[in-house]
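The values are calculated or read from the model by the stated rules, or taken from the named source; none is laboratory data. Keep in mind the model is a prediction, meaning the values are calculated, not measured. For neighbour counting, all protein chains shown are included, and Cβ atoms are generated from backbone atoms with ideal geometry for every residue, glycine included.
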Amino acid sequence: MADSRTPPDVDRVAASRRAVAARRERAALKRDVTMRVISPQELLRRALGAPDSAAGAMRVTEFLTAIPAIGAGKRDRILADLEISPVKRLGGLGARQRTVLRAFLDERVPEVEPRGGRSRLVVLAGPTAVGKGTVAAHIKAHHPEIHLSVSATTRAPRPGEVDGEHYFFVDDSEFDRMIAAGELLEHATVHNAYRYGTPRAPIDTALAQGHAVLLEIDLQGARQVRAAEPSATLVFLLPPSWDELVQRLVGRGTEGDAERARRLKTAKTELASQNEFDFRVVNDDVARAAAAVAELAE
Ligand SMILES: Nc1ncnc2c1ncn2[C@@H]1O[C@H](COP(=O)(O)OP(=O)(O)OP(=O)(O)O)[C@@H](O)[C@H]1O
Ligand SMILES: Nc1nc2c(ncn2[C@@H]2O[C@H](COP(=O)(O)O)[C@@H](O)[C@H]2O)c(=O)[nH]1
(Lines give C-alpha, C1' and ligand atoms only; values in the text may rest on other atoms or scores of the structure.)
(Ligands and ions follow the chains in the order given, each with its own letter.)
Protein backbone atom coordinates (compact mmCIF):
# COMPACT_ATOMS: atom_id res chain seq x y z
CA MET A 1 0.00 0.00 0.00
CA ALA A 2 1.32 3.45 -0.91
CA ASP A 3 2.46 5.69 1.96
CA SER A 4 -0.10 8.53 2.06
CA ARG A 5 2.07 10.67 4.35
CA THR A 6 3.58 13.77 2.83
CA PRO A 7 7.40 14.13 3.04
CA PRO A 8 7.22 16.59 5.97
CA ASP A 9 5.21 13.95 7.93
CA VAL A 10 7.88 11.39 7.23
CA ASP A 11 10.54 13.85 8.39
CA ARG A 12 8.61 14.54 11.58
CA VAL A 13 8.23 10.83 12.36
CA ALA A 14 11.93 10.23 11.74
CA ALA A 15 12.86 13.20 13.93
CA SER A 16 10.61 12.00 16.72
CA ARG A 17 12.14 8.50 16.52
CA ARG A 18 15.60 10.01 16.69
CA ALA A 19 14.56 12.07 19.74
CA VAL A 20 13.24 8.94 21.51
CA ALA A 21 16.44 7.02 20.73
CA ALA A 22 18.58 9.92 21.99
CA ARG A 23 16.54 10.12 25.23
CA ARG A 24 17.03 6.39 25.77
CA GLU A 25 20.77 6.70 25.16
CA ARG A 26 21.01 9.54 27.68
CA ALA A 27 19.03 7.52 30.24
CA ALA A 28 21.40 4.56 29.74
CA LEU A 29 24.42 6.82 30.27
CA LYS A 30 22.87 8.26 33.43
CA ARG A 31 22.22 4.75 34.71
CA ASP A 32 25.84 3.79 34.01
CA VAL A 33 27.07 6.70 36.12
CA THR A 34 24.61 5.93 38.92
CA MET A 35 25.60 2.25 38.89
CA ARG A 36 29.28 3.25 38.71
CA VAL A 37 29.80 1.40 35.46
CA ILE A 38 31.51 4.58 34.26
CA SER A 39 32.78 7.52 36.30
CA PRO A 40 31.25 11.01 35.97
CA GLN A 41 34.67 12.15 34.75
CA GLU A 42 34.53 9.57 31.93
CA LEU A 43 31.06 10.75 30.89
CA LEU A 44 32.24 14.37 30.89
CA ARG A 45 35.27 13.40 28.77
CA ARG A 46 32.95 11.68 26.26
CA ALA A 47 30.64 14.70 26.15
CA LEU A 48 33.43 17.19 25.59
CA GLY A 49 35.08 14.97 22.99
CA ALA A 50 31.84 14.59 21.02
CA PRO A 51 29.42 17.46 21.77
CA ASP A 52 26.84 16.04 19.30
CA SER A 53 26.72 12.65 21.01
CA ALA A 54 24.15 11.52 23.61
CA ALA A 55 26.68 12.40 26.33
CA GLY A 56 27.13 15.88 24.84
CA ALA A 57 23.36 16.40 24.72
CA MET A 58 22.94 15.62 28.43
CA ARG A 59 21.91 18.58 30.59
CA VAL A 60 24.22 19.44 33.48
CA THR A 61 21.24 18.92 35.81
CA GLU A 62 20.75 15.30 34.61
CA PHE A 63 24.48 14.71 34.80
CA LEU A 64 24.82 15.84 38.42
CA THR A 65 21.80 13.95 39.75
CA ALA A 66 23.08 10.74 38.13
CA ILE A 67 25.95 10.88 40.63
CA PRO A 68 25.10 8.89 43.78
CA ALA A 69 24.54 11.19 46.76
CA ILE A 70 23.62 14.25 44.69
CA GLY A 71 19.92 15.10 44.86
CA ALA A 72 18.04 18.04 43.34
CA GLY A 73 18.80 20.45 46.21
CA LYS A 74 22.52 19.74 46.27
CA ARG A 75 22.64 19.87 42.46
CA ASP A 76 21.14 23.37 42.39
CA ARG A 77 23.61 24.61 45.04
CA ILE A 78 26.54 23.13 43.09
CA LEU A 79 25.43 24.76 39.84
CA ALA A 80 24.95 28.11 41.58
CA ASP A 81 28.43 27.83 43.19
CA LEU A 82 30.03 26.92 39.88
CA GLU A 83 28.03 29.63 38.07
CA ILE A 84 26.72 27.19 35.47
CA SER A 85 23.21 27.68 34.13
CA PRO A 86 20.95 24.63 34.74
CA VAL A 87 19.85 24.68 31.08
CA LYS A 88 23.40 24.07 29.83
CA ARG A 89 24.22 20.80 28.09
CA LEU A 90 27.54 19.07 28.74
CA GLY A 91 28.63 19.44 25.13
CA GLY A 92 27.91 23.16 25.21
CA LEU A 93 29.97 24.07 28.28
CA GLY A 94 32.42 26.93 27.84
CA ALA A 95 36.11 26.68 28.75
CA ARG A 96 35.65 28.16 32.27
CA GLN A 97 32.64 25.96 32.97
CA ARG A 98 34.50 22.81 31.89
CA THR A 99 37.42 23.67 34.14
CA VAL A 100 35.31 24.35 37.24
CA LEU A 101 33.13 21.28 36.69
CA ARG A 102 36.19 19.02 36.27
CA ALA A 103 37.79 20.51 39.39
CA PHE A 104 34.55 19.98 41.34
CA LEU A 105 34.39 16.31 40.28
CA ASP A 106 38.03 15.64 41.07
CA GLU A 107 37.66 17.15 44.54
CA ARG A 108 34.21 15.87 45.50
CA VAL A 109 33.81 12.64 43.50
CA PRO A 110 37.36 11.24 43.26
CA GLU A 111 37.65 9.04 40.21
CA VAL A 112 38.03 5.40 41.14
CA GLU A 113 38.52 2.40 38.94
CA PRO A 114 35.09 1.87 37.36
CA ARG A 115 33.70 -1.40 38.62
CA GLY A 116 32.36 -2.48 35.25
CA GLY A 117 28.96 -3.27 36.72
CA ARG A 118 27.61 -3.56 40.22
CA SER A 119 28.38 -6.39 42.53
CA ARG A 120 25.44 -8.62 43.34
CA LEU A 121 26.07 -7.99 47.02
CA VAL A 122 23.31 -5.65 48.18
CA VAL A 123 23.20 -4.02 51.60
CA LEU A 124 19.89 -2.80 52.97
CA ALA A 125 20.20 -0.39 55.89
CA GLY A 126 18.11 2.38 57.41
CA PRO A 127 16.82 3.67 60.72
CA THR A 128 15.11 1.52 63.31
CA ALA A 129 11.52 0.47 62.48
CA VAL A 130 11.67 1.81 58.92
CA GLY A 131 10.75 -1.71 57.84
CA LYS A 132 14.08 -3.29 56.83
CA GLY A 133 13.13 -6.67 58.30
CA THR A 134 9.66 -6.53 56.75
CA VAL A 135 11.00 -5.62 53.31
CA ALA A 136 13.76 -8.26 53.55
CA ALA A 137 11.18 -10.92 54.52
CA HIS A 138 9.03 -9.92 51.55
CA ILE A 139 12.02 -10.28 49.23
CA LYS A 140 12.81 -13.69 50.74
CA ALA A 141 9.23 -14.84 50.12
CA HIS A 142 8.93 -13.47 46.58
CA HIS A 143 12.49 -13.69 45.25
CA PRO A 144 13.91 -17.10 46.20
CA GLU A 145 16.77 -16.44 43.75
CA ILE A 146 18.11 -13.75 46.11
CA HIS A 147 20.05 -15.17 49.06
CA LEU A 148 19.12 -13.42 52.31
CA SER A 149 22.08 -13.49 54.67
CA VAL A 150 21.41 -14.87 58.17
CA SER A 151 23.33 -12.89 60.79
CA ALA A 152 24.86 -14.06 64.04
CA THR A 153 23.72 -12.20 67.15
CA THR A 154 24.30 -12.29 70.87
CA ARG A 155 20.71 -11.23 71.64
CA ALA A 156 18.19 -13.81 72.78
CA PRO A 157 15.59 -15.13 70.33
CA ARG A 158 12.20 -13.39 70.37
CA PRO A 159 9.08 -15.55 70.40
CA GLY A 160 8.76 -17.27 67.03
CA GLU A 161 12.36 -16.71 65.98
CA VAL A 162 14.16 -19.85 64.82
CA ASP A 163 17.92 -20.44 65.20
CA GLY A 164 19.58 -20.60 61.77
CA GLU A 165 16.55 -19.11 60.05
CA HIS A 166 16.13 -15.65 61.58
CA TYR A 167 19.55 -15.45 63.23
CA PHE A 168 22.31 -17.69 64.50
CA PHE A 169 21.89 -17.08 68.23
CA VAL A 170 25.32 -17.31 69.84
CA ASP A 171 26.86 -16.29 73.16
CA ASP A 172 29.62 -13.71 73.57
CA SER A 173 32.46 -16.21 73.56
CA GLU A 174 31.26 -17.83 70.32
CA PHE A 175 30.88 -14.36 68.77
CA ASP A 176 34.48 -13.55 69.85
CA ARG A 177 35.65 -16.81 68.30
CA MET A 178 33.91 -16.01 65.00
CA ILE A 179 35.63 -12.60 64.87
CA ALA A 180 39.04 -14.08 65.72
CA ALA A 181 38.64 -16.76 63.04
CA GLY A 182 37.80 -14.12 60.42
CA GLU A 183 34.39 -15.70 59.87
CA LEU A 184 32.50 -12.38 59.85
CA LEU A 185 32.41 -9.98 56.91
CA GLU A 186 31.37 -7.21 59.32
CA HIS A 187 30.16 -6.94 62.87
CA ALA A 188 28.88 -4.23 65.19
CA THR A 189 27.25 -3.56 68.51
CA VAL A 190 23.83 -2.24 67.55
CA HIS A 191 21.75 0.19 69.64
CA ASN A 192 24.50 -0.04 72.29
CA ALA A 193 23.15 -3.41 73.23
CA TYR A 194 23.89 -6.70 71.47
CA ARG A 195 26.43 -7.72 68.87
CA TYR A 196 25.48 -8.65 65.32
CA GLY A 197 27.64 -9.92 62.48
CA THR A 198 27.43 -11.25 58.92
CA PRO A 199 28.91 -14.73 58.36
CA ARG A 200 31.20 -14.52 55.36
CA ALA A 201 31.17 -18.14 54.04
CA PRO A 202 27.50 -18.43 52.97
CA ILE A 203 27.81 -15.12 51.10
CA ASP A 204 30.92 -16.21 49.21
CA THR A 205 29.20 -19.48 48.28
CA ALA A 206 25.99 -17.80 47.08
CA LEU A 207 27.90 -15.20 45.02
CA ALA A 208 30.10 -17.91 43.51
CA GLN A 209 26.92 -19.75 42.48
CA GLY A 210 25.74 -16.61 40.70
CA HIS A 211 23.10 -15.57 43.23
CA ALA A 212 22.49 -12.04 44.41
CA VAL A 213 22.95 -11.65 48.17
CA LEU A 214 21.00 -9.30 50.43
CA LEU A 215 22.34 -8.16 53.82
CA GLU A 216 19.89 -6.44 56.17
CA ILE A 217 22.25 -4.73 58.60
CA ASP A 218 22.82 -1.47 60.45
CA LEU A 219 24.71 1.63 59.28
CA GLN A 220 28.01 0.67 60.96
CA GLY A 221 27.90 -2.70 59.19
CA ALA A 222 27.03 -1.07 55.84
CA ARG A 223 30.13 1.13 56.14
CA GLN A 224 32.32 -1.88 56.88
CA VAL A 225 30.95 -3.75 53.85
CA ARG A 226 31.64 -0.72 51.65
CA ALA A 227 35.25 -0.66 52.91
CA ALA A 228 35.72 -4.42 52.42
CA GLU A 229 33.84 -4.66 49.12
CA PRO A 230 33.66 -1.26 47.37
CA SER A 231 31.52 -2.63 44.54
CA ALA A 232 28.69 -3.61 46.90
CA THR A 233 25.39 -1.84 46.27
CA LEU A 234 24.29 0.14 49.31
CA VAL A 235 20.57 0.87 49.65
CA PHE A 236 19.12 3.15 52.31
CA LEU A 237 15.50 2.53 53.26
CA LEU A 238 13.62 5.72 54.16
CA PRO A 239 10.32 6.21 55.99
CA PRO A 240 7.67 8.32 54.22
CA SER A 241 8.04 10.81 57.12
CA TRP A 242 9.56 11.10 60.59
CA ASP A 243 6.09 10.83 62.21
CA GLU A 244 5.43 7.59 60.34
CA LEU A 245 8.76 6.19 61.56
CA VAL A 246 7.80 6.97 65.18
CA GLN A 247 4.35 5.41 64.59
CA ARG A 248 5.94 2.21 63.25
CA LEU A 249 8.29 1.94 66.19
CA VAL A 250 5.52 2.56 68.71
CA GLY A 251 3.07 0.34 66.80
CA ARG A 252 5.52 -2.58 66.75
CA GLY A 253 5.46 -2.50 70.53
CA THR A 254 8.71 -4.42 71.00
CA GLU A 255 10.62 -1.71 72.92
CA GLY A 256 9.97 0.18 76.12
CA ASP A 257 10.04 4.00 76.37
CA ALA A 258 13.76 4.28 77.14
CA GLU A 259 14.83 1.92 74.35
CA ARG A 260 12.49 3.68 71.90
CA ALA A 261 14.03 7.06 72.77
CA ARG A 262 17.53 5.65 72.30
CA ARG A 263 16.65 4.13 68.92
CA LEU A 264 15.04 7.36 67.70
CA LYS A 265 18.17 9.30 68.68
CA THR A 266 20.29 6.87 66.63
CA ALA A 267 17.73 7.11 63.79
CA LYS A 268 18.35 10.89 63.50
CA THR A 269 22.09 10.31 63.00
CA GLU A 270 21.44 7.48 60.56
CA LEU A 271 19.05 9.56 58.46
CA ALA A 272 21.74 12.23 58.23
CA SER A 273 24.06 9.62 56.65
CA GLN A 274 21.71 8.59 53.83
CA ASN A 275 23.86 10.34 51.21
CA GLU A 276 26.62 7.77 51.73
CA PHE A 277 24.37 5.22 50.03
CA ASP A 278 24.10 4.45 46.33
CA PHE A 279 20.32 4.31 46.33
CA ARG A 280 17.48 5.50 48.52
CA VAL A 281 14.14 3.69 48.56
CA VAL A 282 11.10 5.04 50.42
CA ASN A 283 9.21 2.29 52.26
CA ASP A 284 5.72 3.69 51.76
CA ASP A 285 4.45 0.30 50.64
CA VAL A 286 6.18 -2.99 51.48
CA ALA A 287 5.62 -4.71 48.11
CA ARG A 288 6.71 -1.64 46.15
CA ALA A 289 9.83 -1.04 48.27
CA ALA A 290 10.75 -4.75 48.14
CA ALA A 291 10.39 -4.75 44.33
CA ALA A 292 12.64 -1.68 44.09
CA VAL A 293 15.35 -3.29 46.27
CA ALA A 294 15.09 -6.63 44.45
CA GLU A 295 15.51 -4.86 41.12
CA LEU A 296 18.80 -3.38 42.32
CA ALA A 297 20.05 -6.91 43.03
CA GLU A 298 19.24 -8.17 39.53
N1 LIG B 1 5.45 0.02 54.35
C2 LIG B 1 5.00 -0.13 55.59
N3 LIG B 1 3.82 0.44 55.94
C4 LIG B 1 3.35 0.31 57.19
N5 LIG B 1 3.97 -0.36 58.19
C6 LIG B 1 5.15 -0.95 57.89
C7 LIG B 1 5.71 -0.87 56.60
N8 LIG B 1 6.88 -1.54 56.62
C9 LIG B 1 7.04 -2.02 57.86
N10 LIG B 1 6.00 -1.68 58.63
C11 LIG B 1 5.81 -1.97 60.07
O12 LIG B 1 6.77 -1.19 60.78
C13 LIG B 1 7.24 -1.89 61.92
C14 LIG B 1 8.76 -1.95 61.88
O15 LIG B 1 9.16 -2.81 60.83
P16 LIG B 1 10.47 -3.71 60.96
O17 LIG B 1 10.48 -4.42 62.26
O18 LIG B 1 10.54 -4.51 59.70
O19 LIG B 1 11.58 -2.57 60.96
P20 LIG B 1 13.19 -2.67 61.00
O21 LIG B 1 13.69 -1.56 60.14
O22 LIG B 1 13.63 -4.05 60.66
O23 LIG B 1 13.47 -2.35 62.52
P24 LIG B 1 14.76 -2.60 63.48
O25 LIG B 1 15.94 -2.03 62.77
O26 LIG B 1 14.40 -1.83 64.70
O27 LIG B 1 14.87 -4.08 63.70
C28 LIG B 1 6.58 -3.26 61.89
O29 LIG B 1 5.46 -3.25 62.78
C30 LIG B 1 6.12 -3.42 60.45
O31 LIG B 1 4.98 -4.23 60.33
N1 LIG C 1 25.92 -4.58 61.58
C2 LIG C 1 24.96 -5.52 61.60
N3 LIG C 1 23.71 -5.19 61.95
C4 LIG C 1 22.78 -6.14 61.91
C5 LIG C 1 23.05 -7.46 61.53
N6 LIG C 1 21.91 -8.20 61.62
C7 LIG C 1 20.95 -7.35 62.01
N8 LIG C 1 21.45 -6.11 62.20
C9 LIG C 1 20.74 -4.90 62.62
O10 LIG C 1 20.46 -4.97 64.00
C11 LIG C 1 19.33 -4.18 64.28
C12 LIG C 1 18.45 -4.81 65.30
O13 LIG C 1 17.92 -6.00 64.82
P14 LIG C 1 16.83 -6.81 65.67
O15 LIG C 1 16.51 -8.04 64.85
O16 LIG C 1 17.47 -7.16 66.98
O17 LIG C 1 15.65 -5.87 65.83
C18 LIG C 1 18.65 -3.91 62.94
O19 LIG C 1 18.89 -2.56 62.62
C20 LIG C 1 19.38 -4.80 61.99
O21 LIG C 1 19.47 -4.21 60.71
C22 LIG C 1 24.39 -7.77 61.17
O23 LIG C 1 24.75 -8.91 60.81
N24 LIG C 1 25.29 -6.79 61.22
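All of (1) over 18 Å from Gly133 (Cα atoms); (2) more than 15 Å from ligand 2 (Cβ to nearest atom); (3) of a type in the set (A, V, I, L, M) hold for Ala201 with one exception: (2).
Of all residues assigned to segment 271-293, none qualifies as being in contact with a His (Cβ under 9 Å, 6 or more places away or on another chain), surrounded by 15 or more Cβ atoms within 10 Å (Cβ to Cβ), in contact (Cβ under 8 Å) with a residue 24 or more places away in the chain and among the charged types (D, E, K, R). Of the candidates His138, His147, His166, the single residue that is more than 14 Å from ligand 1 (Cβ to nearest atom) and within 26 Å of Ala291 (Cβ to Cβ) is His147.
Considering only residues that are of a type in the set (S, T, N, Q) and within 16 Å of ligand 1 (Cβ to nearest atom), look in segment 182-217 and name the one that is farthest from Arg155 (Cα to Cα). Step through it out loud before you land on a result.
Filtering segment 182-217 down to residues of a type in the set (S, T, N, Q) leaves 189, 192, 198, 205, 209.
After this cut, where a residue has to be within 16 Å of ligand 1 (Cβ to nearest atom) as well, the list is 189, 192, 198.
On the way: Thr189: 11, Asn192: 12, Thr198: 14 Å.
Once the filter is applied, the top-ranked residue is Thr198.
Do we find that Gln247 is crowded, with 18+ Cβ neighbours inside 10 Å and at pLDDT 95 or above in this structure?
Details: crowded, with 18+ Cβ neighbours inside 10 Å: no; at pLDDT 95 or above: yes.
In short, no.
Using the structure shown, decide if Val37 is under 22 Å from Pro230 (Cβ atoms) and touching a Lys or Arg at 6+ places or on another chain (Cβ under 9 Å). For Val37, the condition - under 22 Å from Pro230 (Cβ atoms) and touching a Lys or Arg at 6+ places or on another chain (Cβ under 9 Å) - is met. Residues in segment 204-239 that are among the polar types (S, T, N, Q) and at pLDDT 90 or above: Thr205, Gln220, Gln224, Thr233. Taken together, Ala2, Ala14 contain a single residue that is at pLDDT below 75 and over 24 Å from Glu295 (Cα atoms), which is Ala2. Just one of the numbered conditions (1) assigned to a helix (DSSP H, G or I); (2) in contact with a Gly (Cβ under 8 Å, 6 or more places away or on another chain); (3) within 14 Å of ligand 2 (Cβ to nearest atom) is not true of Ala289: (3).
Of the residues in segment 62-70, at least one is touching a Phe, Trp or Tyr at 6+ places or on another chain (Cβ under 8 Å), under 30 Å from Glu229 (Cα atoms) and modelled with pLDDT under 90.
No other residue among Val123, Val130 is part of a strand (DSSP E or B), within 13 Å of ligand 2 (Cβ to nearest atom) and within 20 Å of Ala69 (Cβ to Cβ) apart from Val123. The set of residues in segment 177-193 that are touching a strand residue (DSSP E or B) at 6+ places or on another chain (Cβ under 9 Å) and at pLDDT 95 or above comprises Met178, Ile179, Glu183, Leu184, Leu185, Glu186, His187, Ala188, Thr189.
Within segment 53-81, take every residue that is surrounded by fewer than 17 Cβ atoms within 10 Å (Cβ to Cβ), aliphatic (A, V, I, L, M) and free of Cβ contacts under 8 Å to residues at least 24 places away in the same chain and give me the one that is nearest to Ala19 (Cα to Cα). Full working, then the answer.
Step one: list which residues in segment 53-81 are surrounded by fewer than 17 Cβ atoms within 10 Å (Cβ to Cβ), which gives 59, 69, 71-74, 76-77, 80-81.
Filter again for aliphatic (A, V, I, L, M), leaving 69, 72, 80.
Still in the list and also free of Cβ contacts under 8 Å to residues at least 24 places away in the same chain: 72, 80.
On the way: Ala72: 25, Ala80: 29 Å.
Among those residues, the one meeting the criterion is Ala72.
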